[in-house]
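The values are calculated or read from the model by the stated rules, or taken from the named source; none is laboratory data. What you see is a predicted model; the values in this text were computed from it and never measured. Glycine gets a Cβ as well: all are built from the backbone with ideal geometry, and neighbour counts include every protein chain shown. Surface areas here come from the heavy atoms of the whole protein model, side chains and all, with no ligands, DNA or RNA. Shrake-Rupley method; radii C 1.70, N 1.55, O 1.52, S 1.80 Å.
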2 protein chains.
Amino acid sequence: MTTEGPALLDGLRAVLAANDVITDPDLVETHRHDRAPGLGAGHPLAVVRPRTTGQVAAVVRLAVEHGVPIVPRGAGSGLSGGSNAVEGALSVVLDRMDAIVEIDPVDGVAVVQPGVLNGRLRAAAREHGLWYAPDPASSEFCSIGGNVATNAGGLCCVKYGVTRDCVLALEVVLPDGSVTRLGHRSIKGVAGYDLTGLFVGSEGTLGLITEATVRLLPLPAPARTVVGVLPSLEAASAAVGTIVTAMRPSLLELLDRTTMRVVEEYRPLGLDTGAAALLIGQTDQPGEAGREEAVLLERAMREAGATEVVSSSDPAESELLLAARRLAYPAYERLGRLFLEDVAVPRGRLGELIARVEALSADGLTIGTFGHAGDGNLHPTVVARAGDEGALAAASAAFEAIMDAALELGGTVTGEHGVGLLKRGGLARELDAANRRLQRDIKRALDPRGLFNPGKALAAEPPRPRAPRP
Amino acid sequence: MTTEGPALLDGLRAVLAANDVITDPDLVETHRHDRAPGLGAGHPLAVVRPRTTGQVAAVVRLAVEHGVPIVPRGAGSGLSGGSNAVEGALSVVLDRMDAIVEIDPVDGVAVVQPGVLNGRLRAAAREHGLWYAPDPASSEFCSIGGNVATNAGGLCCVKYGVTRDCVLALEVVLPDGSVTRLGHRSIKGVAGYDLTGLFVGSEGTLGLITEATVRLLPLPAPARTVVGVLPSLEAASAAVGTIVTAMRPSLLELLDRTTMRVVEEYRPLGLDTGAAALLIGQTDQPGEAGREEAVLLERAMREAGATEVVSSSDPAESELLLAARRLAYPAYERLGRLFLEDVAVPRGRLGELIARVEALSADGLTIGTFGHAGDGNLHPTVVARAGDEGALAAASAAFEAIMDAALELGGTVTGEHGVGLLKRGGLARELDAANRRLQRDIKRALDPRGLFNPGKALAAEPPRPRAPRP
């Protein structure tokens, strides 16, 4: 504990309920990591769970007064260590602020506190015939505050955009303890710099989000699903290209050969593991338009050389067709120490990226790719055989090589999971020197003492030189 | 001319072609104002028209060296004075950088220089069966650089979003003369703070945009148009509410009684000037889905009490039905000195806003409202009878009162035109003190010497107190 510790704890106990200031080591331990495997975490001074914006502001003012850093945390479902604890810092968990304040169908907005789970908001909107579009795979156990802090994506982004596209306004507590409102409840607005957008994806480094006003849309029609088995990566890429230039699928996912094999070994679904790739497309256009788009999906896959194409308009059957995609992560996870990538490339470079990932295979490693083909955001996955130190080192090197490949193909090191602790090196390679300087200038302008989520999200300096091209 | 003037001009002539450094008073005069009537403009030291990013960077470094401010300018079509000249500054016009560098259908992007006109990009995309969605009314004479700098909107925003939603990456010249790239060519990406979003809508106060990578979508189906004549503002609001909760129209515009009268006096179209409002809705869903949505538009208007509803699926006829909307601005403009508002409110408050605007009528004034009902962004318009000083003062007061009304209804002072010179007072009333401080902190971090577009876009300080509620 820092020398500031006892006085700060006394102060916290004066503004928060006793139960909301947690120092019990076992309880603290459950808040030290997010879901990213293998990343370090410090031992926090305390975990606090404020219940109101006023309490959050009081906590921030106390922390600033004592010079103690703050790590904002939502539901702890992150995949890049963004909310991992920092030694001697306060972990401020916003899970007790979980009210859906308001849903207004005509305005087309929901006002929610940060601890509301994504799936709960989606269910509440559905009762009004409305839809909150962003649907991370963690929908049932991730919170809106974390979604906003990481600009979370999901399966439906390809048509409906990411979290950023659905956030109209935020209430935030700034690093000086003041409370402000950013953005507007109206659908449009250009008054001043887009600070709402700046806070979305800022991973807790600029302040704490205490309320979000998000956009709701009319609920789309039930999806039709088309699944195609493709004989080569080139064929799969060609099908993706044909589809995205002709229509806007509401989902377009890809699994490569290794992913199909790993899933099939985990849960036999009858996948053709001899094929190169599985493409899963959906359309949520209603009626005849949906039937026509489903035909377009089928035709694009067949013309690209699909050996099999299956189509369904039944929701339960559609969900079955998506099962292989949903099982990918757990299927890989059980094989050993997992490194989950999150790179994105321009859609025309998808096939090249997957081929480069396949070429990284080595003894003791399982390497495969699945992800959001429709917007070029893939999750190449590297698993090192458990207990094999050589494989672990090779996996770590492969993880870095995948980021470099994405950058060489004109892409980015993270499409939706964020930088956190995991991608600080990759970020340093992605951004040029002037951009890195700009990022730091922004951080310093808002948090001059560097107390908010230190060591996260910003580029590591100096950057590791890019690997020379082969 | 400042004492720095001659040396700076020599420097500019060393890096730019002789014709690209303009000091001839007549030529300079044509670049002093944008299209906002009645706003002040200084006399620039020179107008320069660089042709390459390298030239832009050289111009910035020279200006910084001599301590001379820079006013970025695109096509000069702005409506809030954002590119009006500043006394003794350099006006940097980017109209010579007008190349469409690339259109890539599979990646779904266009790479364009800032001087490319919006309509030209839309036409070029159309040749590939693709669509650049943002369509300001000035489409044929506004440039992409200006669209990005102001986060321009348009008629199709209600379904497809504003410029912000279509910008993936930017090349910018920063206030220190360095060149950097922000964002990514991939559709998704969360690497670092969203500086692309920060630059969109920053109105030339943070740097100069020298290239934009924008998103293209598949061309939607031709629109079906439904026009309804509503007997009251309440009825029009009710129809809008029914429509936006049930579907996503590709256009949803409103004209109030005064606007219908003014248009009818300008060009007789047979509008029912006894009615309270005209609603114009479109759907671009294909085939049967489009027919169904058109029926939904019709039914919503009829159930709200429409006295007449006309529908068409013929593109030429649809354009005729939109004529009244397109004629609104020129119809008002000829009546005297025009004050064009651009407020936005939550959609549920549309009727209240229009009623408050109507209540501001006074001798010598014409006050009416038209605009983008589907996303709550309206253009109340106040015209003072020419040569009537009393009317001019009343118009100016009404203009301010409309902003206050929008703020009281939970809205914003500008939905799509930007702050420029025109709304600095309104912005100061909209943003709370902490938000205003944040805006200035960001500005100072990027442009510590305050050389980029000084006196624009940021809140006037100290803010005028909000008018007391009636």
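For first residues located in region A:88-112 and at positive phi and within 14 Å of chain B (Cβ to nearest Cβ), partners that are surrounded by 24 or more Cβ atoms within 10 Å (Cβ to Cβ) and basic (Lys, Arg) and lie 6+ apart or on another chain with Cβ distances below 9 Å form the pairs A:108/B:347. Residue B:87 meets all of the listed conditions (1) outside the structural domain of residue B:171 (by the TED database); (2) open to solvent by less than 40 Å² (accessible area, probe 1.4 Å) but one, namely (2).
Among residues belonging to region B:58-84 that are farther than 25 Å from residue B:121 by Cβ and within 14 Å of chain A (Cβ to nearest Cβ), point out the one that is surrounded by the fewest Cβ atoms within 10 Å (Cβ to Cβ). Filtering first and then ranking leaves B:61.
Whether any residue in region B:235-244 is touching a Pro at 6+ places or on another chain (Cβ under 9 Å) and surrounded by fewer than 18 Cβ atoms within 10 Å (Cβ to Cβ) is what I want to check. Don't jump to the end; show me each part of the working.
Pass one, region B:235-244, residues touching a Pro at 6+ places or on another chain (Cβ under 9 Å): B:241, B:243-244.
From what is left, the residues that are surrounded by fewer than 18 Cβ atoms within 10 Å (Cβ to Cβ) are none.
Among the residues of region B:235-244, not one is touching a Pro at 6+ places or on another chain (Cβ under 9 Å) and surrounded by fewer than 18 Cβ atoms within 10 Å (Cβ to Cβ), which makes the answer no.
When restricted to residues that are among the small types (Gly, Ala, Ser) and touching a strand residue (DSSP E or B) at 6+ places or on another chain (Cβ under 6 Å), region A:325-363 contains 4.
Please pick out the residue among B:206, B:255 that is of a type in the set (A, V, I, L, M), within 21 Å of residue B:153 (Cβ to Cβ) and within 14 Å of chain A (Cβ to nearest Cβ). On inspection, the qualifying residue turns out to be B:206. Within region B:340-355, being open to solvent by 10 Å² or more (accessible area, probe 1.4 Å) and more than 12 Å from chain A (Cβ to nearest Cβ) holds for B:340, B:352, B:355.
For region A:301-342, the tally of residues that are within 12 Å of residue A:259 (Cα to Cα) and in contact with a Leu (Cβ under 6 Å, 6 or more places away or on another chain) stands at 2.
Only one of the listed residues (B:362, B:384) is in contact with a helix residue (DSSP H, G or I) (Cβ under 6 Å, 6 or more places away or on another chain), over 17 Å from residue B:413 (Cα atoms) and surrounded by fewer than 21 Cβ atoms within 10 Å (Cβ to Cβ). That residue is B:362.
Just to verify a result, which residue in region A:115-135, among those that are closer than 15 Å to residue A:161 by Cα and modelled with pLDDT of 95 or more, is farthest from the chain's Cα centre (by Cα)?
Kept after step one, since they are closer than 15 Å to residue A:161 by Cα, are these residues of region A:115-135: A:131-135.
The next check asks that each one be modelled with pLDDT of 95 or more; those that pass are A:131-134.
Details: A:131: 19, A:132: 16, A:133: 14, A:134: 10 Å.
Here the answer is A:131.
Screening residue A:105 against (1) outside the structural domain of residue A:141 (by the TED database); (2) in contact with a Gly (Cβ under 8 Å, 6 or more places away or on another chain); (3) not hydrophobic (A, V, I, L, M, F, W, C) leaves a single unmet condition, (1). For residue A:187, the conditions (1) away from chain B (no Cβ under 11 Å); (2) crowded, with 24+ Cβ neighbours inside 10 Å; (3) β-branched (Val, Ile, Thr) all hold with the exception of (1). A single entry from A:324, A:300 fulfils the requirement of being under 22 Å from the mean Cα position of the chain (by Cα) and open to solvent by less than 10 Å² (accessible area, probe 1.4 Å): A:324.
Applying the selection to region B:444-457, what residues are charged (D, E, K, R), open to solvent by 20 Å² or more (accessible area, probe 1.4 Å) and more than 8 Å from chain A (Cβ to nearest Cβ)? Give the steps one after another, and end with the answer.
As a first pass, look at region B:444-457 and keep what is charged (D, E, K, R): B:444, B:447, B:449, B:456.
In the following step, the residues that additionally are open to solvent by 20 Å² or more (accessible area, probe 1.4 Å) were identified as B:444, B:449.
Selection gives B:449 alone.
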